[in-house]
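The values are calculated or read from the model by the stated rules, or taken from the named source; none is laboratory data. All figures in this text were calculated on a predicted structure; none of them were measured in a lab. Here the Cβ positions follow ideal geometry from the backbone for every residue, glycine too, while neighbour counts run over all protein chains shown.
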Amino acid sequence: MIAESEVLVVEDEPASLAALRGLLEEHGFRVSEAASVAESLARFDIGRFAAIISKLELPGAPGTDLIGASAAPVLLVTNYPSVRSAIESMKLGAVEYLGKPFDHGELIESLRKALVGSDSQPADGGSQPATIPGMIGRCPEMQELFRRMRKLAGAEAPILINGESGTGKELVARTIHQLGGSPGPFVAVNCAAIAENRIETELFGYPQDAAEASVGLIDSADGGTLFLDEIGELPLTAQGRLVRVLQDGEIRLSGAAPRKINLRLIAATRHELRQRVAEHRFREDLYYRINVMSLRIPPLRERGADTLELARMILRDACQRLQLPRKRFGKNAERAILSHSWPGNVRELENAIERAVLLGEGESIEAGALILEDESSQGGKAPSTDGEAGKPEQKLSLEDYFRQFVFDHQDFMTETELASKLGISRKCLWERRQRFGIPRKKKQPA
Ligand SMILES: Nc1ncnc2c1ncn2[C@@H]1O[C@H](COP(=O)(O)OP(=O)(O)OP(=O)(O)O)[C@@H](O)[C@H]1O
Ligand SMILES: [Mg+2]
C-alpha cells in the first residue's frame, strides 16, 4: 500500500507553506515540501505521495502540471480564484480547487475525500482493471501505466517516456495521442536514426527563402503530437533550438518570420537522462521542460503472466497476417517464454514468434522453434511452480538444451525424427546446426 498519509505541498510563499504544514501535521499527515513543479519532480519520486496540494500560480510551470505526473490526486489552491480557471483546473483532472484564504476544515475534508476516492492504491482489491485498446497489461506496473496514460492524454504538458528498447515506447506515445482525441498528426522521429549533420534540418527545416526550402518535422507536427524517440541522442545545438521552440511556442528560421507552432511533445529515452545532464551531454533546461510528466514502461521480464498473454496475441495476429491456420504453444514453449529474460522486450518476443510461425510446420509451436538466445541471465526468473524446478536441466539455456538433445539423439535418430522431437522443421534444424557449430555427422560406412 502506498504511504497512506504522506502529502506533498508545493507552495512558494514561506508563510503559506508553514501554515499548511502545521494544519496537515495537526491532522496526522506527513508533509514534504517543494517550491515549484520542477523542484517537486527533481527532488521526489512523486509517485510515493498519497496526495499533492499545490498552489496554481508557481514560478516556472503552473501547479496543474503536476496533475497526472503520478497517480496521486492533486488539490489546487490559488491566490486568484476565478470560475474559468476553476473549470480549467477540474477539466485537467484536479480533484479540488480552493481560493485563498480557504477554510481549514474544508481543505482537510477535501483531502480525506480525495484519498478515499483516489485510484493511487494498487489495483489488487477487486476494482476494475484499467484497459487500453490494443495494449496488453494486467500486472500492477502496466495497470499503473494505463491509468496514467488516460490521465495524461487530456493534458497538454510534455511527457517523457522511459523504457528499455522494444518495451512499447512508440505504441504508448501514439496511444496517448489517440486517447487525447487530437485531430492533428502524430509525427514520430527517431533521433538516433538520423545523422547528426542532418537532424537539425530534418527537425527545423530550411529557411523558406533558401534554394532548397523545406518544411521540418516540427512544422509537420503542428496541431498534433511530435514524438521524439531517443531524445538523449539529440545533438546539443538541436537541443538548444528545441528549447526555444518549446519556450516561445514558435519556430524561427534565419531570414524568415517566426511562425507559431502548437504541438504536444512526447519524448522517449532508454537512458537515464539525469545522468546525461550531469555529464553535460543533455541540456538541463530541456530536461526540465520535457520531464514535466513522466511514464515508465516496465521491461517484459517484470510483467509476469502478461508475457504469455502477449505471446498468444502475437501468435494469433501472425497466423492471421500470414494466412495460416491457427497455432498454439506447446507446454515447453510456454515455459520457455516465461523463463526467458527477453532483453529485447516485446519486439524480441514478436520476432521469435514470427520466426517460429514461419519455420514451424505443425499446429503446435514447441520451445525449440522459438530459438531463444542470450540466456546468460537464466535463473533470474525461472518458474518455480512446477515440480521439475531444481532439476539440473532447468539451468540449461535453450541453446544448451538444443545441443544436448542433438548430441544425445543424433546417433539413433534421423534428421526428420530429431526435428520433429524438437518441434522444428528440418530446414530449421539444419540452420541451427550451422549456427551452433554442430554439423550433421556423416554416416559412417557400415
Ligand atoms: N503492451 C503491449 N501490448 C501489445 N503490443 C505491444 C505492447 N507493448 C509493445 N507492443 C508491440 O511491441 C512492438 C514494439 O513496440 P514499440 O515499437 O512501441 O517499442 P519501442 O520501445 O519504441 O521500441 P524501440 O526501442 O525498438 O524503438 C510493437 O509492435 C508494439 O505494437
Ligand atoms: Mg521506438
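Are there any pairs, at least 6 apart or on different chains, whose C-beta atoms fall under 7 Å, with the first in the range 249-273 and more than 16 Å from ARG289 (Cβ to Cβ) and the second within 15 Å of ligand 1 (Cβ to nearest atom), and if so, which?
ARG270/GLY163; ARG270/GLU164; ARG270/SER165; HIS271/GLY232
Given the criteria within 16 Å of ligand 2 (Cβ to nearest atom) and either assigned to a helix (DSSP H, G or I) or crowded, with 16+ Cβ neighbours inside 10 Å (or both), does LEU246 qualify?
no
Condition check: at pLDDT below 95 and away from ligand 2 (no atom under 16 Å from the Cβ). Does GLN208 satisfy that?
So GLN208 passes the test.
Report, by residue number, each residue of the range 175-191 that is within 10 Å of ARG264 (Cβ to Cβ) and more than 20 Å from the chain's Cα centre (by Cα).
Those that are within 10 Å of ARG264 (Cβ to Cβ) and more than 20 Å from the chain's Cα centre (by Cα): SER182, GLY184.
Could you list all residues from the range 1-59 that are closer than 18 Å to ALA71 by Cβ and assigned to a loop (DSSP other than H, G, I, E, B)?
Correct list: MET1, ILE2, ALA3, GLU4, SER5, PHE29, PHE44, ASP45, PHE49, ALA50.
Can you find a residue in the range 212-228 that is touching a Pro at 6+ places or on another chain (Cβ under 9 Å) and loosely packed, with under 15 Cβ neighbours inside 10 Å?
Checked the range 212-228: at least one residue is touching a Pro at 6+ places or on another chain (Cβ under 9 Å) and loosely packed, with under 15 Cβ neighbours inside 10 Å.
Of the numbered conditions (1) under 24 Å from the mean Cα position of the chain (by Cα); (2) not in a loop (DSSP other than H, G, I, E, B), ILE194 fails exactly one; give the number of that condition.
Among (1) under 24 Å from the mean Cα position of the chain (by Cα); (2) not in a loop (DSSP other than H, G, I, E, B), ILE194 violates only (2).
Name the pairs: first residue in the range 347-365 and on the phi < 0 side of the Ramachandran plot, second residue assigned to a strand (DSSP E or B) and of a type in the set (Lys, Arg), Cβ to Cβ under 8 Å, at least 6 apart or on different chains?
GLU363/ARG328; SER364/ARG328; ILE365/ARG328
May I ask you to list the residues in the range 83-109 that are among the aliphatic types (A, V, I, L, M) and touching a residue at least 60 places away in the same chain (Cβ under 8 Å)?
LEU92, LEU107, ILE108 - these are the residues of the range 83-109 that are among the aliphatic types (A, V, I, L, M) and touching a residue at least 60 places away in the same chain (Cβ under 8 Å).
Does the range 249-272 contain any residue that is on the phi < 0 side of the Ramachandran plot, assigned to a helix (DSSP H, G or I) and assigned by TED's automatic domain parsing to the domain that holds GLU170?
The answer is no; no qualifying residue exists.
Within the range 338-355, track down each residue that is within 16 Å of ILE424 (Cα to Cα) and either more than 12 Å from ligand 1 (Cβ to nearest atom) or crowded, with 19+ Cβ neighbours inside 10 Å (or both).
Answer for the range 338-355, where residues must be within 16 Å of ILE424 (Cα to Cα) and either more than 12 Å from ligand 1 (Cβ to nearest atom) or crowded, with 19+ Cβ neighbours inside 10 Å (or both): ALA352, ILE353, ARG355.
Within the range 175-196, track down each residue that is in contact with a strand residue (DSSP E or B) (Cβ under 8 Å, 6 or more places away or on another chain), modelled with pLDDT of 90 or more and within 16 Å of ligand 2 (Cβ to nearest atom).
Across the range 175-196, the qualifying residues are ILE176, HIS177, PHE186, VAL187, ALA188, VAL189, ASN190, CYS191.
Just one of the numbered conditions (1) within 26 Å of PRO299 (Cα to Cα); (2) out of contact with any Cys (no Cβ under 9 Å at 6 or more places or on another chain) is not true of GLN320; which one?
Against the list (1) within 26 Å of PRO299 (Cα to Cα); (2) out of contact with any Cys (no Cβ under 9 Å at 6 or more places or on another chain), GLN320 comes up short only on (1).
Which condition does VAL292 not pass, out of (1) crowded, with 22+ Cβ neighbours inside 10 Å; (2) over 30 Å from VAL245 (Cα atoms), if it passes all the others?
If we test VAL292 against (1) crowded, with 22+ Cβ neighbours inside 10 Å; (2) over 30 Å from VAL245 (Cα atoms), just (2) comes out false.
In the range 274-304, which residues are assigned to a helix (DSSP H, G or I) and either without any contact (Cβ under 8 Å) to a residue 60 or more places away in the chain or among the aromatic types (Phe, Trp, Tyr) (or both)?
The answer is ARG274, GLN275, ARG276, VAL277, ALA278, GLU284, ASP285, LEU286, TYR287, TYR288.
Collect the residues in the range 249-285 that are within 16 Å of ligand 2 (Cβ to nearest atom) and surrounded by fewer than 16 Cβ atoms within 10 Å (Cβ to Cβ), keeping them in residue-number order.
HIS271
Search the range 130-149 for residues being touching a residue at least 40 places away in the same chain (Cβ under 8 Å) and small (Gly, Ala, Ser), and hand back the single one that is surrounded by the most Cβ atoms within 10 Å (Cβ to Cβ).
GLY137
Residue pairs, Cβ under 8 Å, 6 or more apart or interchain, first in the range 401-422 and closer than 22 Å to PHE329 by Cβ, second of a type in the set (Asp, Glu) and in a loop (DSSP other than H, G, I, E, B). List them.
LEU422/GLU366
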